[in-house]
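The values are calculated or read from the model by the stated rules, or taken from the named source; none is laboratory data. What you see is a predicted model; the values in this text were computed from it and never measured. Cβ: placed from backbone, ideal geometry, glycine included. Neighbour counts: every protein chain shown. Protein only, heavy atoms only, side chains kept; ligands, DNA and RNA dropped before computing areas. Shrake-Rupley method; radii C 1.70, N 1.55, O 1.52, S 1.80 Å.
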Amino acid sequence: MQAAAALAALVMALLLPEIAGQGLVFLAGLLWINMVFGFSWNLMFRQTGLVSFGHAAFFAIGGYGYAVLARAWPGLPPLLVFVAAGALGAVAALVVGVVALRRSLGVYFAIFSLALSQIVAMVISDLPSLGRDDGFAGIRRPVLDLGVATIKLAEGDNYYRFLVLSCALLTLIVWWVTHSRTGRRFRAVQQDAERAAFLGIAVARQRLLCFVIAAAVAAVAGALYGPWLQLLTPELAQWTFSARPILFTLLGGAASFWGPAVGALGFTVLEYATRTLHGVGEITVGGILLIVVLIFPGGIIGGIIGGVRGALGRARPVAGA
Amino acid sequence: MLEVGPLDAFYGDSHVVQSASLHVAAGEGVALLGRNGAGKTTLLKSIMNAGPTVRGPVRCDGAELGAMPADRRARLGFALVPEDRRIYPHLTVQENLAMGRHGARPGVPPRSTDEVVEMFPLLKQLQARRGFELSGGQQQMLAIARAVVARPRLLLLDEPTEGLAPVIVEQLVAQIQAIQAGETLALLVAEQSIWFARACTSRLYLLDSGRVVFGGTWAAFDADPGLKRYLAL
Amino acid sequence: MAAGIARREVMVSAAAAALAGVAGRSTGARAQQKPIRLGLITPLSGPQEIVGRDHLAGATIAVNQINQAGGVLGRTLELETRDDKASPAAGVAASKDLVSSGVNLLFGVLSSGVALAIAPTLKGDDAVLILCAASANELTHEQFTPNLFRASDEAYMRQRALAKVVAKDYAAINSWTAINPQTAIGASNWDSFVDGLNQFYPQEAGHNVEVIDALTVKYGATDYKNEIAQLMRRSAEGLYLGVYGGDAVTMLRQAAPYGLARKFKVLVDPGSEYIVAQTLGKSTPVGLWAGIHWYFGAYRGNAINDALYDAYVKSTGNPFPAGYVGEGHAGVLAYAAAIQRAGSTETGAVIGALEGMSFASCKGKRTFRKEDHQAICDVNMVQFAPDDTAAGWKIVGYRVVDGAESIEPPSPGKALVLNTKRQ
Amino acid sequence: MLADLAGVVFNGLFSAMVVFIFASGLTLLFGVLRILNFSQGGFFAVGAYLAFSLTRLLGPALPLWRFLAIAVVAGVVVGALGIVTERLVLRRLRQVDGAYSLIATYALLLLVEGIVKLIWGVDVRSMEPPAELSGVWQVGDVFMPTYALFILAAGLALFVALEWLLHHSRLGKLMQSVATDPWMASVLGVDVARMQTWIVVGGFFLAGIAGGLLVPNQALSPSLAGTFVIQAFGALIVGGMGSVRGTFMAAILLCVADSLASTYLPGVPGVFFYITMAALLLLRPQGLMRGAQL
């Protein structure tokens, strides 16, 4: 059923430009990227219990990595550049993970990662070659050479469709990692690290692997973001941006794989609905978020499941009462 | 003095205690026996309303306590000594004892530290030690001492002998009997050690898989050898 | 100054005529046609909201004035506003949202980052954007796009104009230094100012000027004491206060016990407008100069200026409209003039009309260069001093520099080349 | 270069005290309730704006005693807001995962920021320090503004007071007990919920008073709410699980390192705070005061 729903969502996403205006299509593109970003964060959180406040750093590394590579070697096949951006994120995560993950966990790792991402943001805003805080401008949408055909992604809604398919692929990868044997090992680590170690799972190595995969996915999401907005800014590495996948995940429900998607959708709808409420934007967004978190501590999905269960429970005659 | 049930207790989705009923008269000693995981600890915590989700009545002197929180039950005269003792590691023995004063009933002055140390002489030398510097036996002693500071009317002891040397267990029996002799203190002891339970109490309940399967005197218990199976591993 | 006033007096453009009611048609004709919708994109939440509100106030006044005078091509104007949150992604979302709801004429935008993000989307979306504050040079250089115009000051033009004024008024000064934010615009502003110092000191004062390395601080920093202590030890006589708005306030507040303002002969703030004086009140440094998009006091007697000023004061009670009010106003006037000239609201026609067009605004004539779409306009500066009134500050002087004297030659598609590099 | 070393260290210490004063309430909340309270910055801003408005209301003169009294009033008002926040928000977060409380307090930060803007508007404001604190002491080459000396003294006083309260008073022992084992405290008859409410009130009181004391230090604008939060989080975590002593030491280490680096090492200003933070967390992964109490 999940597969059918996901497929239906994919088809709808691909058909969106036929029925919606440019504004909605652009927002939808951001939404798909946000969803993938959220999935990658929740992969760490849900599978190994790792809380990162600096996930945006990998998003930014992927984004800037893609932009720099594409500018320096315009001849490289674009798909390779996207993969390279992901690899860049993975390598960065590997370095950070090897140094830090073994030693620091929980809130300490969260704040450590936050410090790292602030450093990345500050370095980007200091490098003239990366456009500093004005942003890395002029990122082109590439031409895909598929052998049989070439597709100019700059034309029409081509890049949007490419974006949808890429995000679907990334989602599939995260799904596969989550539900594979590796994913189950991650899960064992999250539930009881000592027991997992006793069962012969190399806890630190599992955490590191999960961290690296999550970073790589976030980096590819960042790489896709660059040509979509055609601009990258250092805010992409800042803590406020790191807060987004956390927000999506918890808003949607961390216990479910689809939580980040539901949360990102909810957040986008909220932002879109309040876009002309000038001056009270913070109050409405903050207030609604707060209410959702307080009423549904399991996120939107948790709330729906709870609601359905509650309705079923009430409908069932209480035995022996 | 205490009337419980029929009471159900849950941890999340798991139904740990199932329509259990028991009562303890003022000054009476009652044992709660059962295998590991039979629901003894959950039942004690339910009486205190400290943890599990509870459905069903807990009455004190006939008054239904409802949703009354643990701290108010403590000030009603209930004192729970948990299985893991929960001594504050950073506080000294003296300070740990002082924490016990918070449970004093209105109008009933709590015992002074000297008074308590008199009852548990073992603690005398240890007063300035911190919680984390105590041995298991010392911690158990302190946990019980801390519980009686407020002059409770009902002492709920959860596995007090677990991990203690036999000599210490004997001391413990003597001390508990001494306290009970001094004033009206009802006792509900959850135990696996039949010997200890028998020494402190006059009646027992047997718990199995969350249900009360037997309630009666020790004589009745001894008369039915079939009951032993609820205790065997 | 006299020449400037004369120039403004002889100039009549379509928008000025519209304001005076000349170009309007009867209300009957207007009612039959749909209004022309203009899309204002500006920060309306977050720390930059204050500027967004000024943009909105100015634009609203302009729309009301033009509608009262009969509209444009017999149609009324209508404002559609979107919050760009000073974030590039939100800015593009806002612009696309406007375009897909049928609004192709966009204006506003404070942050250069937002402008750089929207710029490449304009052509594909068949929309025009008139920038009313974003000042980064690259918008009319390497990131030039035919669908983008800038009605307001460009960084280079503004900073060099400031340098020209100080070279003339503070000819005795031999050395300058600066405290700048660690931002792209902070660095480029200072580079442009230095470019101006190196050109105008020899021209106006007859001597070269020494430039001592600028200090850089984090944007939004809360403590400037180390930098203040370093500045106190410098031999420079002129201080360029590149830190902006609230940061400048924090820095000057912390600098007061050190006597920083007394140490330097002149302080130049490139763009905080009234913020520093309004906030510091009696603690305003004597003789502080600030760059401003539009200073109403410099254009008394100009009908557009006076009408805007009166309308603003009437609706807000604030006697000091920020320069951004004037820029929001000018954005609407530019479109009104271009639509009038083109006889159409189609993107291509409006672009054609805007290119090379002069229009009258609250700060006199502005002319969009055909080549790079940058408006040549006046650069305004005001000078403050503390005062005994309740406000605690007053304006003690102002300067108007013709932008043509400080702007670079157009080079769309190519990066701006500085005459001299900072050493 | 070395001549101004003393000045640079002095300025670093000043920043450290600013961060500590801001973080003290945060430490209390984190130490006892395990809530990393994002909204602290919002309530700090409320305190600062309140102090600003009260000062305006009471006329042009601002003697030192009035400045201090206003800061206390701001603290009391924000403390009262703490009761409301505790009832409506924080109490409901006890049962849920820590990450949720982070999001809830982040939402609260947005909400408070929006409300501050509705009440006080978006204009930048600023306030002078009281006359007694607007001078400067010069010792050799080192300039020491009296206001900075005052903040240094205030930070130190706050530290000593909190240390005494937490480690030497009966209330402190009780707070520590509630912090380490709230369950056992309630079984022993301590009204933990009320205790926790009072701790929230205390934490908010400190946020309000920090706002009142630090108004003259920087401009007031809607972005004030987010200004110190990240630095304070850094000091809090580098210090170790909500230990006041740890936060105090961490604030000093981080700020003095940043002050030294921003003067002597050319580079990105402000980045050294985070570099030091990351390095300290690698050296002491559980914080400076590992396992310490409050």
>> Just to be sure I understand, how many residues within region D:49-61 are open to solvent by less than 10 Å² (accessible area, probe 1.4 Å) and within 12 Å of another protein chain (Cβ to nearest Cβ)?
In response: 1
> Pairs under 7 Å by beta carbon, first residue within 7 Å of another protein chain (Cβ to nearest Cβ) and without any contact (Cβ under 8 Å) to a residue 24 or more places away in the chain in region D:274-289, partner of a type outside the set (A, V, I, L, M, F, W, C) and not in a helix (DSSP H, G or I), six or more apart or different chains?
Replying inline: D:L282/A:R103; D:P285/A:R103; D:P285/A:S104
> What do you reckon, is C:E327 touching a residue at least 40 places away in the same chain (Cβ under 8 Å) and open to solvent by 30 Å² or more (accessible area, probe 1.4 Å)?
Replying inline: no
>> Can you tell me which residue is modelled with the highest pLDDT among those in region A:68-115 that are among the β-branched types (V, I, T) and over 22 Å from the mean Cα position of the chain (by Cα)?
In response: A:V98
>> Go through region C:252-279 and report how many residues are in a helix (DSSP H, G or I) and either in contact with a helix residue (DSSP H, G or I) (Cβ under 7 Å, 6 or more places away or on another chain) or open to solvent by 10 Å² or more (accessible area, probe 1.4 Å) (or both).
In response: 15
>> Given the criteria crowded, with 19+ Cβ neighbours inside 10 Å, among the β-branched types (V, I, T), over 13 Å from the mean Cα position of the chain (by Cα) and away from chain B (no Cβ under 13 Å), does D:I199 qualify?
In response: yes
> So which strands (runs of 3 or more DSSP E) are wholly in region C:60-150 and hold at least 1 residues that are in contact with a strand residue (DSSP E or B) (Cβ under 9 Å, 6 or more places away or on another chain) and at the interface with chain A (Cβ under 9 Å from one of its Cβ atoms)?
Replying inline: C:77-83
> Which residues, taken from region A:233-270, are part of a loop (DSSP other than H, G, I, E, B) and under 30 Å from C:S111 (Cα atoms)?
Replying inline: A:T233, A:Q238
> Any idea which residue in region D:261-273 is modelled with the highest pLDDT, counting only those that are assigned to a helix (DSSP H, G or I) and within 9 Å of another protein chain (Cβ to nearest Cβ)?
Replying inline: D:F273
>> Condition first: outside any helix (DSSP H, G or I), of a type in the set (A, V, I, L, M, F, W, C) and open to solvent by less than 10 Å² (accessible area, probe 1.4 Å). Now tell me which residues in region B:87-110 satisfy that.
In response: B:L91
> Restricting attention to region C:141-150, does a residue exist that is within 26 Å of C:R53 (Cβ to Cβ), of a type in the set (V, I, T) and either assigned by TED's automatic domain parsing to the domain that holds C:P47 or open to solvent by 10 Å² or more (accessible area, probe 1.4 Å) (or both)?
Replying inline: no
>> Pairs please, first residue from region D:107-123 and within 19 Å of A:I246 (Cβ to Cβ) and open to solvent by 30 Å² or more (accessible area, probe 1.4 Å), second anywhere and among the β-branched types (V, I, T) and at pLDDT below 90, Cβ atoms under 7 Å, 6+ apart in sequence or on different chains.
In response: D:L110/A:V285; D:L111/A:I283
> Of the residues that make up region D:11-21, is at least one open to solvent by 10 Å² or more (accessible area, probe 1.4 Å) and among the polar types (S, T, N, Q)?
Replying inline: yes
> Only one of (1) closer than 28 Å to B:V4 by Cα; (2) within 12 Å of chain D (Cβ to nearest Cβ); (3) in a loop (DSSP other than H, G, I, E, B) is not met by B:T161, so which one is it?
Replying inline: (2)
> From the residues in region D:226-260 that are within 10 Å of chain C (Cβ to nearest Cβ) and small (G, A, S), which one is least open to solvent (accessible area, probe 1.4 Å)?
Replying inline: D:S259
>> Quick test for you: out of D:V124, D:V89, D:V73, D:V112, pick the one residue that is more than 30 Å from A:A255 (Cα to Cα), among the aliphatic types (A, V, I, L, M) and within 12 Å of another protein chain (Cβ to nearest Cβ).
In response: D:V124
> What are the pairs, 6+ residues apart or on separate chains, where a residue within region C:203-227 that is facing chain D (nearest Cβ under 7 Å) has its Cβ under 7 Å from a residue that is assigned to a loop (DSSP other than H, G, I, E, B) and modelled with pLDDT of 90 or more?
Replying inline: C:V217/C:Y224; C:V217/C:V243
> Given (1) surrounded by fewer than 23 Cβ atoms within 10 Å (Cβ to Cβ); (2) away from chain D (no Cβ under 12 Å); (3) under 17 Å from the mean Cα position of the chain (by Cα), where does C:G245 come up short, assuming only one miss?
Replying inline: (2)
>> Suppose the filter is outside any loop (DSSP other than H, G, I, E, B), more than 23 Å from C:Q203 (Cα to Cα) and in contact with a strand residue (DSSP E or B) (Cβ under 8 Å, 6 or more places away or on another chain); does C:A385 pass it?
In response: yes
